[in-house]
Amino acid sequence: MKTSLNRWYLRWQVRAMLLLGQRAQALARIEGHLARDTTDLYAWATRAHLLAEQGDKAGALKTLQHLVTLTPDQAAAWFNLGFLCEEMGELSQAEAAFRRATDIDPKLDRAWYGLALSLIRQHRFDDAVVALRKNTELQPMSPYGWYQLARVHVDRQEPEEAAKIIRHLRRFEPKVAAQLERETGLGQAQA
């Protein structure tokens, strides 16, 4: 009971500090708490977030790696690790983390999207198409997966597939469709 009360109080304090813009104090509070309670997953995740926000990506990375050892079956922790690895250019690590997240939770659309981005950056377009199709299946009204899928089709020399996506996007995201038309040169002629 005391542990859960302490954890609740920590969360309340950290949220208040963050609302007041006191990021350094919030991090110090998290650090002090983790010195006493090394099993608090929320505190580890918050520490990673605050470190990344402050530009200490290496510290955030170590924290997230520790977090996934504490909770190897939590898809969100693996997603966050993949996101940070991808942002840092550690593409094979990002891919592995995103794959682990999608293995744990196949409906985690943002993990499929992250996986696709890491595959695109590795020029593995065929694999990226698979991940993007899964992402767009899970989030059919989000333009992000569709946009990337069209771009991959262009990179794979499949303009007709990209044009189909542009036509699809026109129905619910005309600005994104217009952006793709400008970027790819696949304008109204392919419509």
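Observations
- Counting only residues at least eight positions apart within a chain, or on another chain, the lysines with an alpha carbon under 20 Å from that of Lys175 are Lys164.
- Taking every alpha-carbon pair under 8 Å whose residues sit at least 6 apart, the chain reaches a relative contact order of 9 percent.
- Packing-based order for 16-23, 116-123, using average beta carbon neighbours within 10 Å, highest first: 116-123, 16-23
- Taking the helices alone, the chain has a mean residue ellipticity at 222 nm of -25000 deg cm²/dmol, built from -39,500 (n - 2.57) per DSSP H run of at least 4 residues and averaged over all its residues.
- Fluctuation leader among Leu115, Leu138, Leu91 - the chain, Gaussian network, Cα springs under 10 angstrom: Leu138
- The Cα center of the stretch 88-167 and the Cα center of the stretch 46-81 differ in position by 22 Å.
- Note on Lys107: aspartates and glutamates with a C-alpha under 13 Å away, same-chain residues under 8 apart excluded, are Glu137.
- Aspartates and glutamates whose Cα lies under 14 Å from that of Lys134, excluding same-chain neighbours fewer than 8 positions away: Asp103, Asp105, Asp109, Asp126
- Debye, to nearest 20: dipole size of the chain, +1 on Lys, Arg Cβ, -1 on Asp, Glu Cβ: 620
- Only Cα pairs under 8 Å and 6+ residues apart enter the sum, and on that basis the relative contact order of the stretch 96-191 stands at 18 percent.
Readers should treat all values here as calculations from the given coordinates under stated rules, not as data from a laboratory. Remember, predicted model here, so these are calculated numbers, not experimental data. Heads up, the Cβs are rebuilt from the backbone with ideal geometry, glycines too, and the neighbour counts pull from every protein chain shown.
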